[in-house]
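Some notes on the structure that comes next.
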Amino acid sequence: MRKAKVERKTTEVDITVKLNIDGEGEGKAETGIKFLDHLLITLAKHSLFNITVKAKGELKHHVCEDVALTLGEALQKAIAEKKGIRRFGSAYVPMDDSLARAAVDLGGRAYASLDLKLSQPQIEDLKTEDIEHFFNSLAQASKTNLHLAVLYGTNDHHKIEAAVKAFALALREAVTLESRAMSEIPSAKGVL
């Protein structure tokens, strides 16, 4: 099983993330931010990762950012040498009025291109700038090349939910083991 447990304790936050990328889609999140919990549980469900997040902190911005950093570090540890993984993944997901697209490369080059088309300053109990920062921080910590776009939509909640589901499906594809290349690093260079 490809698993990782990462703890992050600073003067601002206390976070523990448990990740099993060969899971069944079980998500548990206790961050003190209801919408962030919802997004993490959604990510777990559609990636088929088992994700458990416990986080404490006084400021929502720090909790959101550091949960992303901790989850990203856990993902990087869980895929380890990356032998046999497909490496690339992509998906489109509709959510009522919205359509989102995600493409990922787990090749070790951190980059995030986000076009979420958010119009409101806040969704539920989380600022939209913190949602964007979450994806940036997760891409940096996991050394993932992430391209995430909402193609259209009118409801910001639906836009983000579609984006998270698309990201989850792309991740699920990228970490899938390729039976024809189980001992191979998915790179012409032989290293990632």
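Rule-based calculations on the coordinates, nothing more; no lab input. Quick caveat, the model's predicted, so the values are computed rather than measured. In this analysis, Cβ positions are derived from the backbone assuming ideal geometry, glycine residues included, and neighbour counts consider all displayed protein chains.
The residues on offer are GLU184, GLU132, GLU178, GLU161, and the sole one that is farther than 16 Å from LEU99 by Cβ and within 16 Å of the chain's Cα centre (by Cα) is GLU132.
Filtering segment 114-166 to residues that are on the phi < 0 side of the Ramachandran plot and assigned to a loop (DSSP other than H, G, I, E, B) leaves LEU116, LEU118, SER119, GLN120, PRO121, ASP125, THR144, THR154, ASN155. Scanning segment 133-163 for residues that are of a type in the set (Val, Ile, Thr) and either touching a Phe, Trp or Tyr at 6+ places or on another chain (Cβ under 7 Å) or buried (at least 22 other Cβ atoms within 10 Å of the Cβ) (or both), we see that the one that is nearest to ILE79 (Cα to Cα) is THR144. Can you confirm whether segment 73-85 contains a residue that is out of contact with any Asp or Glu (no Cβ under 6 Å at 6 or more places or on another chain), polar (S, T, N, Q) and more than 15 Å from LEU138 (Cα to Cα)? So far as segment 73-85 goes, no, none of its residues is out of contact with any Asp or Glu (no Cβ under 6 Å at 6 or more places or on another chain), polar (S, T, N, Q) and more than 15 Å from LEU138 (Cα to Cα). The sole residue among LEU114, LEU43 that is without any contact (Cβ under 8 Å) to a residue 40 or more places away in the chain and closer than 15 Å to ALA170 by Cβ is LEU114. Contact annotation: residue pairs with Cβ atoms under 7 Å, 6 or more positions apart or on different chains, pairing a residue in segment 50-76 that is without any contact (Cβ under 8 Å) to a residue 60 or more places away in the chain with a partner that is of a type in the set (Ser, Thr, Tyr), are VAL53/THR31; LYS54/THR16; ALA55/THR31; VAL63/THR31. Residues of segment 106-132 that are in contact with an Asp or Glu (Cβ under 7 Å, 6 or more places away or on another chain) and surrounded by fewer than 17 Cβ atoms within 10 Å (Cβ to Cβ): SER119, GLN120.
Okay, residues lined up against (1) outside any strand (DSSP E or B); (2) in contact with a helix residue (DSSP H, G or I) (Cβ under 8 Å, 6 or more places away or on another chain):
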site: ILE41; (1), (2): yes, no
site: ILE51; (1), (2): no, yes
site: LYS56; (1), (2): no, yes
site: GLU65; (1), (2): yes, yes
site: LEU75; (1), (2): yes, yes
site: LYS83; (1), (2): yes, no
site: LEU99; (1), (2): no, yes
